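Bear in mind that the values in this text are calculations on the coordinates, not laboratory data. Predicted model, so just to flag it, every value in this text is computed and none were measured. Every residue, glycine among them, receives a Cβ derived from its backbone with ideal geometry; neighbour counts consider all protein chains shown.
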Amino acid sequence: MQSGRSSRLDESRFSARVPDLAWTGVQFLKASYTCQRGRNMKLRNWFYLLLACSVVSCATMSAAQSGSENSELNLGVRAFKQAKFEEAIDHFQKAVMQEPANVHAHLYLATAYAQQYVPGADTAENKQAGERAIEQYRAVLQLAPPTSEAVNAVKGIAYLDMQMKKFDESKDNYRKAIELEPDDPESHYSIGVIDWTETYQPRMEERAKLNLKPDASLPAKSHAVCEMARAKNEDKIQEGIDNLIKAIQLRPDYDDAMAYLNLMYRERADVQCYDPAARKADLNAADGWVDKTMATKKAEAEKEQTLPSQPQP
């Protein structure tokens with residue numbers, strides 16, 4: 001199953017600014033960071049929608065395989081569709097016990113556990129839900145499933161690792177997803193998001209210690225701090241840029257990847273410690289991706305306006 005657009009920009013905060021296409025890069029940077037939580041929520045919603053669709057789309061096939069619409073697997077699917085996740089988990093657990101080699105039973109159980117995981121909630125119960133989901137995704141992979149199920153399982157682990165801030169493990173799993181599905185832009189995008197997350201926060205902490213304003217140059221204030229930030233972040237910045245560019249190559253209208261590519265070029269600009277020309281080039285590149293992001297969003301909005309309205313039922 002091919003997923004839809006992932007993690008769209010937070011429309012409630014972003015749409016009001018779309019008409020002003022003359023934004024500066026710094027303004028866009030501020031707005032992009034303000035929208036970060038919104039994007040993470042959209043990413044979470046997209047991920048769960050993808051997994052839910054995976055469960056529901058196989059319901060008919062599962063019924064045919066089991067020979068009964070009242071099998072534990074299909075009772076679980078029915079409960080899942082009704083958002084009765086505890087009941088769904090109970091049925092899927094029984095399905096796994098009845099058929100330990102059933103890929104869909106493990107995948108559905110993992111999906112139901114993942115649905116209960118709340119990113120950022122630091123409780124033992126929440127952590128347990130995430131770990132149980134990962135355990136079932138790994139069980140799927142041990143059964144040598146078809147590629148589509150393997151991709152869902154690997155992405156499921158990668159997503160949960162990312163939300164648990166196990167960034168290295170998450171990127172490793174997204175790389176495995178790329179090996180399984182080379183033409184999927186979303187895994188490249190996710191690696192780029194992780195790289196930005198890992199580089200932005202420590203750099204901003206160092207800037208805060210220097211009382212730097214958002215548009216002030218780090219190297220102009222302290223070469224020593226710039227060199228430290230560059231040594232720590234340089235490889236991740238380049239990895240992020242490379243993966244976001246690849247995501248856009250695979251999906252030319254991927255506006256979220258464009259927005260993050262803008263941010264990654266700003267990360268690199270701020271650690272161009274002894275090369276003002278390189279800093280300027282990176283900032284110009286970032287501004288170019290601001291323009292492309294805006295143009296893409298404007299084109300999408302115009303396209304949506306021209307679509308025929310759906311007939312009322």
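Summary of computed values
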quantity	calculated
Full-stretch length increase - Lys165, Asn211 - with 0.36 nm per residue and alpha-carbon distance subtracted	13.8 nm
Residue order, fewest to most surrounding Cβ atoms within 10 angstrom, among Met264, Met97, Met162	Met97, Met162, Met264
Eligible lysines near Lys127 by straight Cα distance, threshold 28 Å, same-chain separation 8 or greater	Lys42, Lys81, Lys84, Lys94, Lys155, Lys165, Lys166, Lys171, Lys176, Lys236
Residue order, fewest to most beta carbons within 10 Å, for His223, His91, His188	His223, His91, His188
Extended-chain gain in nm, criterion 0.36 nm per residue less alpha-carbon gap, Asp235 and Lys221	2.8 nm
Inter-label distance for Arg175 and Ala121, nm, one decimal - labels placed 7 Å from Cα along Cα-to-Cβ	3.3
Chymotrypsin sites (Phe, Trp or Tyr not before Pro) within the stretch 252-290: DSSP coil, no more than 15 neighbouring Cβ in 10 Å	Tyr274
Added length on full extension, which subtracts the Cα-Cα distance from 0.36 nm per residue, Ala101 to Lys280	58.7 nm
FRET E, pair Ser148, Ile245, Förster distance 22 Å, beta-carbon r, rounded to 0.05	0.25
